Ligand SMILES: Cc1cc2nc3c(=O)[nH]c(=O)nc-3n(C[C@H](O)[C@H](O)[C@H](O)COP(=O)(O)OP(=O)(O)OC[C@H]3O[C@@H](n4cnc5c(N)ncnc54)[C@H](O)[C@@H]3O)c2cc1C
């Protein structure tokens, strides 16, 4: 496995911190890149996906300007590579289904640089590249043991057997929303459901589609969101209101007829809305479905010997596109803290109040989707118009810009001592 090139003698060996990253998605890959080759740290990385086997490879993702700022300040080469693989997310519009425009934001008004829109598979390719060949793939965490020195030993399934790659001072959970490391150490999180189902679809050839940058369209409480992706494809995501928070997704919702009725307004329909609705109707049987849900924040387990990052720590509502975005912040900033000699508690002090604030802001911004809003056009309209107000703009500015650079992270650690 990967060895720290700086580790050359027994004298150093005594001070070396052995870290294993379980799961190299967004947060895990970035943490590994931040730490690889760093003096005093040896790092091993494991992922359950075998090479070439990429989950969720098809659909699109918009990642906020705050993630790009984190990359720019801490990993400029990764920033450049991600930018090159993506289209800029520079504008955010909200319209009613008939085309009435409610909100039109140039992100330059609230951010230092654009966000990005790209395929999930493209983001994973770019983030995993620095650790390619140094990550042990096809290894799924199943259990934990301790070695004679009291260090944690991950037990991973590889092929037909189990492997125990050794004892580690710190295990990092980068294994996503259904984190095995979190479940083993803290129990599976109780997800909070919000009474909304989400559909998503990738349209491979969207050359004639009447849309481009990030847009949202409301028909009552049903919403469509879409944008074009690199290579001429487009991503469409639908929100389907359910009767109650815990309600099952009705079987009928998966039919073409239901999708057609859900996104067809009583009068005029905007060209973009009609185009998206017709694609959803055409592909109704193969839409990907998920629930709008979030998990409570947990940052550490086993007295700080396990550090949780990204969705493993805080799966959040996708409303503001902050899931992968916060996973980027987590991976990069946790890496900066560990490099500067801090531990999981310092990561928690740096990150947790911001993560809780982002979670609350994402929930408030979901007002137009959540049960409690009646499914009337005027409700979605009022909620969307409110987003042009000074308060929402100030919160967006805070969201997109309050990312500390390396000096601020180090200074924060000194202050905490
Ligand atoms: C419908 C939907 C739409 C979304 N849209 C957006 C969006 O537009 N913008 C945005 O910012 N976010 C979005 N998100 C959220 C985003 O995808 C996640 O927040 C993000 O991927 C989390 O990153 P992560 O690194 O924590 O985990 P992941 O990216 O999920 O990576 C987890 C890694 O762990 C590995 N793994 C899992 N289990 C094990 C195991 N037992 N052993 C070893 N390895 C394991 C996996 O193979 C994977 O590589 C969306 C989510 C959903 C469900």
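Observations
- The listed residue being out of contact with any helix residue (DSSP H, G or I) (no Cβ under 8 Å at 6 or more places or on another chain), closer than 23 Å to residue 313 by Cα and within 9 Å of the ligand (Cβ to nearest atom), out of 141, 156, 152: 156
- The single condition from (1) farther than 21 Å from residue 323 by Cα; (2) part of a loop (DSSP other than H, G, I, E, B); (3) touching a helix residue (DSSP H, G or I) at 6+ places or on another chain (Cβ under 7 Å) that residue 113 fails is (1).
Residue-by-condition table, conditions (1) away from the ligand (no atom under 14 Å from the Cβ); (2) surrounded by 19 or more Cβ atoms within 10 Å (Cβ to Cβ); (3) at pLDDT 95 or above; (4) part of a helix (DSSP H, G or I):
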position	(1), (2), (3), (4)
335	no, yes, yes, yes
345	yes, no, yes, yes
352	yes, no, yes, yes
357	yes, no, yes, yes
379	yes, no, no, yes
384	yes, yes, no, yes
388	yes, no, no, no
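- Residues that are away from the ligand (no atom under 11 Å from the Cβ) and modelled with pLDDT under 90 within segment 296-333 are absent altogether.
- Just one of the numbered conditions (1) within 15 Å of the ligand (Cβ to nearest atom); (2) closer than 29 Å to residue 180 by Cα; (3) modelled with pLDDT of 95 or more is not true of residue 89: (2).
- Residue 54 fulfils the conditions (1) within 16 Å of the ligand (Cβ to nearest atom); (2) closer than 14 Å to residue 125 by Cα; (3) modelled with pLDDT of 95 or more except for a single criterion, (3).
- Selection of segment 275-292 for residues being surrounded by fewer than 17 Cβ atoms within 10 Å (Cβ to Cβ) and part of a helix (DSSP H, G or I) yields 278, 282, 285, 286.
- The set of residues from segment 172-188 being assigned to a helix (DSSP H, G or I) and touching a residue at least 24 places away in the same chain (Cβ under 8 Å) comprises 180, 181, 182, 184, 185, 186.
- Residue 271 falls short on exactly one of the conditions (1) more than 13 Å from the ligand (Cβ to nearest atom); (2) crowded, with 16+ Cβ neighbours inside 10 Å, and that condition is (2).
- Complete set of residues in segment 125-163 that are in a loop (DSSP other than H, G, I, E, B) and loosely packed, with under 13 Cβ neighbours inside 10 Å: 132, 133, 147, 148, 149, 150, 159, 160
- Scope segment 178-196; condition out of contact with any strand residue (DSSP E or B) (no Cβ under 6 Å at 6 or more places or on another chain) and within 27 Å of residue 146 (Cβ to Cβ); matching residues: 178, 183, 187, 188, 189
- For segment 241-268, the set of residues classified as outside any loop (DSSP other than H, G, I, E, B) and out of contact with any helix residue (DSSP H, G or I) (no Cβ under 6 Å at 6 or more places or on another chain) consists of 241, 251, 253, 254, 257, 261, 262, listed by residue number.
- Those residues of segment 282-295 which are in contact with a helix residue (DSSP H, G or I) (Cβ under 8 Å, 6 or more places away or on another chain), within 15 Å of residue 236 (Cβ to Cβ) and within 15 Å of the ligand (Cβ to nearest atom), in sequence order: 287, 289
The values are calculated or read from the model by the stated rules, or taken from the named source; none is laboratory data. Only a predicted model underlies this, so the values are computations on that prediction, with no experimental measurement involved. All Cβ positions, even for glycine, are placed from backbone atoms using ideal geometry, and neighbour counts span all protein chains on display.
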